[in-house]
Amino acid sequence: MLVMLTLLTANPVTEDCRFEDITLYGEVEVVESFADIRVQIVESFPDLKVEPVSSFADACGEWEFVESLGDFTIEFVDSFPDIKIEYVESFPGRD
């Protein structure tokens, strides 16, 4: 039972700011389907705090939204996300 609880509460974002093999900063493209990561926006208990930036997205949680050719793609969902994010104005990253 303890193992199952640990799996349910484990953060899918690694200490080095990755989800699976994707580094979670840089240029991000929002798509309607077939995304690299399914993302849910939350107001508490996020897996990653995201700060939208207009350039130099080179630190954990800094995302520069682009129309095409992003470093990775995301799809916003209301349920069953791969990761949960909270938008912040400062101090992005993993808690």
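Note on the chain: dipole from Cβ charges, positive end direction compared against VAL13, CYS60, VAL30; the farthest Cα belongs to VAL13. From the square roots a ≥ b ≥ c of the eigenvalues of the alpha-carbon gyration tensor of the stretch 12-87, which class results: rounded (a/c under 1.5), prolate (a/b over b/c), or oblate? Because its axes are fairly even, with a/c under 1.5, the stretch 12-87 counts as rounded.
Here the sum of -39500 (n - 2.57) over DSSP H runs of 4 or more residues, divided by the residues of the chain, equals -2500 deg cm²/dmol at 222 nm, to the nearest 500. Approximating the spin labels as points 7 Å out from Cα along Cα→Cβ, the PHE76-to-GLU32 distance works out to 1.5 nm.
What number, in percent, do you get for the relative contact order of the chain if the mean sequence gap of Cα pairs under 8 Å and at least 6 apart is divided by its residue count?
38
A DSSP coil position with no more than 15 other Cβ atoms inside 10 Å describes the following chymotrypsin sites (Phe, Trp or Tyr not before Pro) in the chain: PHE34, PHE56. Simple point charges give the picture: +1 on the Cβ of Lys and Arg, -1 on the Cβ of Asp and Glu, and for the stretch 12-87 a dipole about the Cα centre of about 200 debye.
Extension gain for the segment ASN11 to SER55, taken as residue separation times 0.36 nm less the Cα-Cα distance, is 13.1 nm to one decimal.
Loop-located GluC sites (Glu not before Pro) in the stretch 14-95 (DSSP state other than H, G, I, E, B) with a sparse environment of at most 12 neighbouring Cβ atoms within 10 Å: GLU15, GLU20, GLU32, GLU43, GLU67, GLU89. For ILE41, the residues 5 or more places off, or on other chains, whose built amide H falls under 5 Å of its own are VAL77, ILE85. Beta bridges per DSSP, both residues in the chain: antiparallel share near 15 percent.
Every number in this text was worked out from the coordinates using simple rules, so none of it is lab data. Predicted, not measured: the structure shown is a model, and the values here were computed from it. Don't worry about glycine lacking a Cβ; one is built from the backbone with ideal geometry, like all the others, and counts go over all protein chains shown.
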